[in-house]
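For reference, the structure is listed below as structure tokens.
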Amino acid sequence: MLSIKIYLGLIILLNIFIVLFYDFYSKYFKIIDYPDQARKFHKSNNIKVFGGSIILCNILLYGIFFLIFKNNIIDDVFFSHQKFILFIITCILIYLVGLFDDIYDIPAINKSVLLTIIIVINLFLTKNYIYEIRFSFNEIIYLNHFSLFFTLICYLIFINAFNMLDGVNLQIGKYSFFLIF
């Protein structure tokens, strides 16, 4: 059985390998975003958009790490293995929507509908709603029947904002690193 240090070392080496061969992967898998001057305004001719794959790869690798070595962390964060598996499936589905958007240029409304369906299914299965909003000045707003809607809007706004971060100067990488750790 692998030790924790060896597994974490392998994850770090894999990330270094991916970063070093980033251009090759983007060209090989044809995951390059070309500016169309209608919706996408890039200063360069093409942008490699393989960053989501790196993030998903790390989520999966750390998920396996927690399943093998730190099983209690999954229970502490996700409250059950079923919710953890749903989280992984949801991440993969959201990644696939983004990947197909990068490759086939899906219209924004179609992408929004797909993301909404994925998130609503996840919320119905996990019941992870935002039930109240607490402010620092001891004000509490109870959402009651609007919990599902408010939670859905929060997810969609976060995904949209995350997608708008510029991956070229490592904003996405730094933010993702912060979220994972």
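Side notes on the structure shown:
- In the assembled protein chains, PHE162 presents an accessible area of approximately 50 Å² (probe radius 1.4 Å).
- Ranking by accessible area, most exposed first, for THR116, THR151 with a 1.4 Å probe: THR116, THR151
- Residue separation of ASN110 and LEU179 scaled by 0.36 nm, minus their Cα-Cα distance, works out to 22.1 nm of gained length.
- Highest-first packing order for the peptide set 93-99, 155-161 is 93-99, 155-161, based on the mean count of other beta carbon atoms within 10 Å.
- Largest accessible area first, the listed residues SER147, SER136 line up as SER136, SER147 when surface is computed with a 1.4 Å probe on the assembled protein chains.
- Sites TYR129 and ILE6, calculated FRET efficiency, Cβ-Cβ separation with R0 45 Å, nearest 0.05: 0.70
- Cβ-based net charge around LYS83, under 14 Å, with every Lys or Arg adding one and every Asp or Glu removing one: -1
- Test item: Cα-centred dipole of the range 72-152, Lys/Arg +1 and Asp/Glu -1 on Cβ, debye: 200
- When VAL120, VAL19 are compared by accessible area at a 1.4 angstrom probe, the order from most to least is VAL19, VAL120.
The values are calculated or read from the model by the stated rules, or taken from the named source; none is laboratory data. On a predicted model such as this, the values are computed, not experimentally measured, just so you know. Here the Cβ is made from the backbone with ideal geometry for all residues, glycine too, and neighbour counts use every protein chain on show. Surface areas here come from the heavy atoms of the whole protein model, side chains and all, with no ligands, DNA or RNA. Shrake-Rupley method; radii C 1.70, N 1.55, O 1.52, S 1.80 Å.
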